Every structure is written in C-alpha cells, then in structure tokens.
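Asker: Mind looking over this structure? Questions follow.
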Amino acid sequence: MQVFEIHRYRGGEFQYVVARTNKHSEDYVKNDVEKMNALLSPEMKADGIRYVFALGTVDSIVKKAGEKKKKAAEKVELSPA
C-alpha cells in the first residue's frame, strides 16, 4: 500500500508531518503541496518555510491511527461523570 505525506520544512530542517494519506493519488497530494506552497506569505517564504511531498510507510499510518484511538480513550476516561 502506498502512503503519501506532506512534510513541513524550515530551511533544510524537517519540522513535522502535516498530512498523511493512503486514500488519494500521488498526483493529488503533489498538487496539494503546490497549492500549500503557493499560499505561503512572503514572510514565511523568507523564513524558509516550505512543504514537501514524501512517501510514507504503512507502519507510520498504522501508528498514527493507534495514537488517535489512545487519545480518544484517554479523553473518555478523563471526562467528568
């Protein structure tokens, strides 16, 4: 299974994964990256902010889904009765 990601960089330094999907095509995600870069303000561009298309792994998408379920379970436990 192909997993596509959008990464945020500041200068040459990776910051974080903005988005991850296995439901859209490679061209669709690359088009989104182009749109996101076009929307950056001149100040953000001057700071070296940019978005980059990347191939992800199935493990990364499964891990992220597990983290979301864990957080949801913790919220339920912490909710007042």
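Read-outs throughout are calculated quantities, based only on the coordinates presented, and are distinct from any laboratory measurement. All of these numbers come straight from a predicted model, not from anything done at the bench. Cβ atoms come from the backbone with ideal geometry, glycine included; neighbour counts cover every protein chain shown.
Asker: Considering amide H positions built from the backbone, and no H for Pro or chain starts, which residues 5 or more places from V18, or on another chain, come under 5 Å of its amide H?
Answerer: Result for V18 returns I6, H7, R8.
Asker: Between L40 and K23, how many nm apart are label points set 7 Å from Cα along the C-beta direction?
Answerer: Simple spin-label model gives 2.7 nm for this pair.
Asker: In nm, give the distance between the simple-model label positions of Q15 and K30, each being 7 Å from the Cα along the Cα-to-Cβ direction.
Answerer: 2.5 nm
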